[in-house]
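One structure is given here, and the rest of the page talks about it.
The values are calculated or read from the model by the stated rules, or taken from the named source; none is laboratory data. Owing to the predicted nature of the structure, the values given are computational and were not obtained by experimental measurement. All Cβ positions, even for glycine, are placed from backbone atoms using ideal geometry, and neighbour counts span all protein chains on display.
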Ligand SMILES: Cc1cc2nc3c(=O)[nH]c(=O)nc-3n(C[C@H](O)[C@H](O)[C@H](O)COP(=O)(O)OP(=O)(O)OC[C@H]3O[C@@H](n4cnc5c(N)ncnc54)[C@H](O)[C@@H]3O)c2cc1C
């Protein structure tokens, strides 16, 4: 065994300055800034000619930890990024196609989640109360347009769990400022024209139009759909998942509030339509709305008409002359993400439709692992790369299963899109097995292999039972023993919901107050 340490990995070059590039720069730089034994330098180069995707507007609660780690005060973030609080997603019209039918996938875990599975007890009363309202207060809070915390709640702390809605362009600017002024990240605005390999196949440097060659020990490919390093240079194949997740197109538009005092929804609203679904995200400055659909099942003109009708119905304003931005994507991911001394993160690694906003959370998870396990030298890099690839391939597969779940459970028959989405051949075997099992037992932690699953059994429960799925579980002795505990959890949840609804401020009201004086 060769134990001679080879080249130390101290010089990280990130290519791309979208949300992925700047998050990675912030996470790697903040992890290593105080490292006395190792000087890690981070250089980020971004093209002045290739615009960022700038759509990703919904985050998970994980973003609170990420921002704290990078050292950004929450009120700065909220103000600078026109950001608002997101408490989960409200799904409209997904089950039968009737817009009056809605359900929540909130960020709060079901009451007693680590101790007791409330599904069998709730099922006995399922006609009286939705699953989300029986086990969580968050649907009540969102229905009233309330914030997830009080003015006095400290920064990043919560009364009910939350992530954010944000303006991605402003977010990248804020991260850039923090990274370059306080975390020592070197920033070059330049177009990468060539990737230069050395004799053993590693990347030695990238050539730029104005700044010559930039050398590095580890290259992070954050070049978005271009995937300049992993895709174009290394030719790592792309695994197309269009046979499972049909959506490959999006129309995105920004819609102003009719009035500055209009409420700001504290959840993403996801409304199903005949060939896809519409996202509706309330920022402090505007709403970000878009239709993601399958080009196989809808023309762009029909999609545009669908979006126009939604905007008219929900805001009373016409889209007017503003053309939505059209984005085509290939749902899928690279066959591996870390090859030799190059790791791809963000859209350069892959992209699936934005249902459940899983893209930025994957960037955060990638940034966490790369920064915390930054290989000490070239010898151990391949070991870290192997572990990284195994973990992230697993994660992409689980995300695909979870997104597909929303379509498989639908009973819509109004278009071939929905009917075909339930076709056996389009459903991954892993998901089919879980659905077969869950007919007889509700989702449990043990059904999913990892402790840090991207989507936990709680998320599966919210979507399954929100969509009307039935589990025919046998009554067990344990169930009878825990019946009183379950009843108490349901009652406590109802009482807590009333207290929160009476005491939490309106979402816009709190955001306005923070705009005035900041949080504690
Ligand atoms: C319709 C849509 C909706 C979305 N909604 C969500 C959501 O709600 N939640 C969520 O988490 N995510 C969402 N996403 C995904 C999210 O926007 C992205 O994952 C995120 O913005 C990261 O993008 P990126 O940084 O990988 O790529 P990009 O933003 O495309 O950045 C690419 C960067 O690479 C640079 N570059 C390219 N070529 C070169 C070159 N030759 N030289 C130098 N630099 C180069 C560009 O200049 C740019 O800086 C959505 C995406 C889409 C398409």
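Quick grid of which residues meet (1) within 19 Å of residue 303 (Cα to Cα); (2) modelled with pLDDT under 95; (3) in contact with a strand residue (DSSP E or B) (Cβ under 9 Å, 6 or more places away or on another chain); (4) part of a loop (DSSP other than H, G, I, E, B):
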position	(1), (2), (3), (4)
317	yes, yes, yes, yes
320	yes, yes, no, yes
327	yes, no, yes, no
330	yes, no, yes, yes
333	no, no, yes, no
343	no, no, yes, no
347	no, no, no, no
353	yes, no, yes, yes
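Can you confirm whether residue 22 is near the ligand (Cβ under 9 Å from one of its atoms) and more than 22 Å from residue 223 (Cα to Cα)?
no
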I'd like to verify a number: residues in region 234-248 that are within 11 Å of the ligand (Cβ to nearest atom) and closer than 17 Å to residue 385 by Cβ, how many?
0
Among residues of region 454-489, those that are in contact with a helix residue (DSSP H, G or I) (Cβ under 8 Å, 6 or more places away or on another chain), assigned to a helix (DSSP H, G or I) and under 30 Å from residue 361 (Cβ atoms), counted
10
Given the options 31, 36, 74, name the one that is more than 16 Å from the ligand (Cβ to nearest atom), more than 25 Å from residue 148 (Cβ to Cβ) and either at pLDDT 95 or above or surrounded by 20 or more Cβ atoms within 10 Å (Cβ to Cβ) (or both).
31
Tell me, yes or no, whether region 5-25 has at least one residue that is over 25 Å from residue 67 (Cβ atoms), at pLDDT 90 or above, touching a strand residue (DSSP E or B) at 6+ places or on another chain (Cβ under 7 Å) and in a loop (DSSP other than H, G, I, E, B).
yes
Is it true that residue 110 is at pLDDT 95 or above, away from the ligand (no atom under 16 Å from the Cβ) and under 23 Å from residue 287 (Cα atoms)?
no
Show the residue pairs that are 6+ apart or on different chains and have beta-carbon atoms under 9 Å apart, the first residue being within region 166-193 and free of Cβ contacts under 8 Å to residues at least 60 places away in the same chain, the second being within 14 Å of the ligand (Cβ to nearest atom).
180/25; 180/44; 180/187; 193/206; 193/207; 193/208; 193/209
Condition set outside any strand (DSSP E or B) and under 32 Å from the mean Cα position of the chain (by Cα), scope region 186-213, selection nearest to the ligand (Cβ to nearest atom): answer is 191
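Does residue 339 satisfy the condition of being in contact (Cβ under 8 Å) with a residue 12 or more places away in the chain, touching a helix residue (DSSP H, G or I) at 6+ places or on another chain (Cβ under 8 Å) and over 27 Å from residue 274 (Cα atoms)?
So residue 339 fits the description; yes.
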So which residues in region 374-414 are over 21 Å from residue 103 (Cβ atoms) and not in a helix (DSSP H, G or I)?
374, 375, 376, 377
